[in-house]
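Peer 1: Have a look at the structure that comes next, please.
Here, each number is a calculation from the coordinates, and none is a lab measurement. Keep in mind it's a predicted model, so treat the numbers as computed, not measured. Please note: Cβ atoms are built from the backbone with ideal geometry, for glycine as well, and neighbour counts cover all protein chains shown.
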Amino acid sequence: MIEFETICALATPSQEGAIAIIRVSGEKAIDICDKIFVNQKQEHILLNAKSQRVYFGNIINKTKTIDECLCTVFRSPNSYTGENIVEFSVHGTQYIATQTIVALIENGAIPAHAGEFTKRAFLNGKLDLSQAEAVADLISSNNEASHKLALKQLRGGYHDTLYLLRQKLINMSSLLELELDFSEEDVEFADRTKLIALLNQIKDEVSNLVDSFALGNSFKNGIPVTIIGKPNSGKSTLLNVFLNEERAIVSDIEGTTRDTIEEKINLRGLEFRFIDTAGIRKSSNIIEQEGIKRTYKAIEDSRIVLLLVDISKDKPNDVIQEMKRLREEIDFSDKTLILIGNKVDKARTKDKEWDKLSAIQISASNKKNIGEIIDSMLKTINPNDLNNKVFVTNARHLESLKKVLKTIETIEQEFQNNIPSDLIASNIRIALHHVGEITGEVTTEDILGNIFSKFCVGK
Ligand SMILES: Nc1nc2c(ncn2[C@@H]2O[C@H](COP(=O)(O)OP(=O)(O)OP(=O)(O)O)[C@@H](O)[C@H]2O)c(=O)[nH]1
Ligand SMILES: [Mg+2]
C-alpha cells in the first residue's frame with residue numbers, strides 16, 4: 001500500500017439536495033473522523049467501528065454541532081481506494097457540507113484534487129488504468145449504449161483480452177531469448193513457423209480491437225447520421241421530425257440550410273447524432289460552397305447517410321446516377337447509404353421504380369413512415385454486439401493499440417527478413433510497453449495527471 005495524506009471532498013454535486021456525501025480517504029481517515037463524530041450517547045466510537053457498517057450520530061466541531069448524519073466506515077483494503085474510507089451522509093446544504101469539510105481539515109485532512117480517490121484506487125491496484133477511465137465514462141454516459149459500454153469496461157472490459165495478449169508476447173519473447181542464450185551454438189530453438197503463426201494471431205487480435213473503435217465510439221458519443229439531398233428535398237423537415245421540434249429552418253427557398261446543423265436524438269436506447277446539411281450541389285455562392293464542403297466532411301465522418309430525394313419531382317434514373325457518383329466520390333466501406341423518397345403525399349402516381357431502388361417512401365411534413373427509417377438505421381448496427389463484443393471507446397487506448405499494431409507489423413517484416421533474434425526481442429518489448437500503457441503498468445505522472453484531472457473532485 002502506498003501511503004498518502006488523508007484527503008476529503010464533497011462527493012455529491014455542490015447544490016441543495018436531500019443528502020450530500022462527504023468522503024474521507026487515507027490511513028488516518030478513521031482517526032480524523034472519530035474526532036468530529038459522536039453517536040447519540042455523545043461517545044466517540046469510530047476507532048473501534050467495524051468495516052462496511054453505518055453509524056448514526058452527529059458531526060461536531062469543537063462544541064458546535066454541525067449536523068445529524070449517517071457515517072459509513074470502510075477499512076483498508078476493503079474500500080474503493082484501498083485505504084481507510086469514511087463517508088458522511090449529511091443533509092444536502094452547501095453550508096453543512098462546507099462546515100463538515102472545514103472540521104475535517106482542522107483535524108488533519110487535506111482537500112482532494114480532481115479524481116484523486118480513483119487515482120488512489122488505481123495506484124493501490126484496485127482498478128487498472130482502463131477501468132479507472134471507465135469510471136469517468138460511466139459518470140458521463142447518458143444513454144443506454146454508452147452506459148452499457150462503460151459498465152462493461154469497469155467490470156474488466158478488454159482487460160482479459162489485453163492480459164492474454166501480454167502473455168502471448170511474453171511467451172514469444174522468452175522463446176526468442178532462449179535462442180539467444182544458446183546463440184554460440186548456432187541453433188534455432190524457436191520454430192519460426194510457429195512463431196509467425198503466433199504473431200499473426202496477435203496481429204488479428206490487435207486489429208480487431210483497433211477496428212472496434214469506430215463503432216464503439218459511435219455507441220459512446222452517438223451514431224453519426226448525415227442527411228443529404230438536393231435543395232428542397234426536405235432534409236431540414238426530416239431533422240425536425242426526428243427532434244420533434246422546429247430546430248432547423250424549413251422553407252421552399254432552395255439553399256435554406258447553409259451550415260451543418262447537429263443534434264443528438266435517443267432512439268430506442270441508442271443515441272444518434274443527426275447532421276442536417278446544405279446538401280451537395282454545384283454553387284457559385286461562396287457561403288454555399290463552404291456549406292457543401294462541410295457536407296462532404298460530415299458524410300466522411302458518418303456511419304449512416306440518409307439520401308433524401310423528392311419523389312414528386314425527381315426521376316429514378318437521375319437518382320441512380322447520383323448514387324453512383326456518390327459512391328465514386330466517397331468510400332462507403334464503413335457506411336450505409338439509405339435512400340429515402342420524400343413527399344410521397346405529393347407524388348401523383350406510385351412509381352414502381354422507387355421500390356426497385358429500395359427507397360423508403362415517406363412524407364416528412366406529414367410524419368409518415370418515419371418508423372421505417374429508424375428500423376433500417378437500427379438494422380445497420382447490431383445492438384446485440386454491445387453485449388457480445390469487446391469495444392475500444394477510449395482514444396488514448398486506440399493510440400496505444402495502433403502503436404502495438406505497428407510494432408507487430410515491424411516484427412513480421414523482421415521475421416521475413418531473418419533479422420537477428422535480439423532485435424526482434426527488443427521490438428516485442430516495445431509492443432509490451434504499449435500494451436502496458438493502456439492498463440497502466442507503464443505510466444508517467446503526465447499521463448496520470450491528464451487522465452485524472454478530467455474527473456470531478458470527490459470521484
Ligand atoms: N408536400 C410535401 N412537402 C414537403 C415535405 N417535406 C418537406 N416539404 C416542403 O419542402 C420544402 C423544403 O423543405 P426543407 O426541409 O427546407 O428542405 P431542405 O432539403 O432542408 O432544403 P435546403 O435546406 O434548401 O437544402 C418546404 O416547403 C417543406 O415544407 C413532404 O413530405 N411533403
Ligand atoms: Mg435545409
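Peer 1: With each pseudo-label sitting 7 Å past Cα toward Cβ, what's the D301-N39 distance in nm, one decimal?
Peer 2: Placing both labels 7 Å along Cα→Cβ, they lie 5.9 nm apart.
Peer 1: Now for a separate question. Among C8, H44, I286, which residue has its Cα positioned farthest towards the positive end of the charge dipole of the chain, with +1 placed on the Cβ of Lys and Arg, -1 on the Cβ of Asp and Glu, and the dipole taken about the Cα centre?
Peer 2: The Cα lying farthest towards the positive end belongs to I286.
Peer 1: Considering only C-alpha atoms, what is the centroid distance from the range 199-250 to the range 357-378, in Å?
Peer 2: Measuring centre to centre over Cα atoms gives 17 Å.
Peer 1: Work out the charge dipole of the chain with +1 on the Cβ of Lys and Arg and -1 on the Cβ of Asp and Glu about the Cα centre, then indicate which of G371, G269, T439 is farthest towards its positive end.
Peer 2: G371
Peer 1: With r defined as the distance between the Cβ atoms of N387 and L326 and R0 fixed at 60 Å, what FRET efficiency is calculated, to the nearest 0.05?
Peer 2: The pair N387/L326 has a calculated efficiency of 0.95.
Peer 1: Can I ask one more? Note the full-extension length gain between L164 and T193 as 0.36 nm times their separation in residues minus their Cα-Cα distance, in nm to one decimal.
Peer 2: Full extension from L164 to T193 adds 8.4 nm.
Peer 1: Let me ask you something else. So if I place +1 on the C-beta of Lys and Arg and -1 on the C-beta of Asp and Glu, and nothing else carries charge, what would the dipole magnitude of the range 1-104 be about its Cα centre? I want it in debye, nearest 20.
Peer 2: Charge dipole of the range 1-104: 220 debye, to the nearest 20.
Peer 1: Once the range 7-123 is represented by equal point scatterers at the alpha-carbon sites, with solvent omitted, what log10 I(q)/I(0) does the Debye formula produce at q = 0.11, 0.14, 0.20 Å⁻¹?
Peer 2: Values, matching the q order: -0.30, -0.50, -1.06.
Peer 1: Roughly how big is the chain's charge dipole about its Cα centre, with Cβ charges of +1 (Lys, Arg) and -1 (Asp, Glu), in debye to the nearest 20?
Peer 2: 2000 debye
Peer 1: Would you kindly compute the Cα radius of gyration of the range 51-90 and its largest Cα-Cα separation (Dmax), both in Å?
Peer 2: Both quantities, over Cα of the range 51-90: 11.5, 33 Å.
Peer 1: Report Rg (one decimal) and Dmax (nearest whole number) for the range 109-262, counting Cα atoms only, units Å.
Peer 2: 25.6, 84
Peer 1: Turning to a different aspect of this structure: Mind grabbing the base-10 log of I(q)/I(0) for the chain at q = 0.14 Å⁻¹? Debye formula, identical points on the C-alpha positions, no solvent, two decimal places.
Peer 2: For the chain at q = 0.14 Å⁻¹, log10 I(q)/I(0) is -1.16.
Peer 1: Okay, next question. Quick check: convex hull over the Cα atoms of the range 224-385, volume per residue in Å³, rounded to an integer?
Peer 2: 113 Å³
Peer 1: Starting from the exponent 0.38 and prefactor 2.2 Å, build the expected Rg for the range 221-267 from its residue count and divide its actual Cα Rg by it.
Peer 2: Its radius of gyration relative to the 2.2 N^0.38 Å reference: 1.13.
Peer 1: Between E5 and D351, take the C-beta separation as r, use R0 = 60 Å, and let me know the FRET efficiency to the nearest 0.05.
Peer 2: Between E5 and D351 the formula returns 0.20.
Peer 1: What's the extension gain from R294 to E414 if we count 0.36 nm per residue and subtract their Cα-Cα distance?
Peer 2: The R294-E414 span can extend by a further 38.9 nm.
Peer 1: At 222 nm, what helix-only mean residue ellipticity would the chain give, in deg cm²/dmol to the nearest 500, using -39500 (n - 2.57) for each DSSP H run of four or more?
Peer 2: It comes out at -15000 deg cm²/dmol, rounded to the nearest 500.
Peer 1: Evaluate E = 1/(1 + (r/R0)^6) for T63 and I374, where r is the Cβ-Cβ distance and R0 equals 56 Å; express this FRET efficiency to the nearest 0.05.
Peer 2: That pair, T63 with I374, gives E of 0.30.
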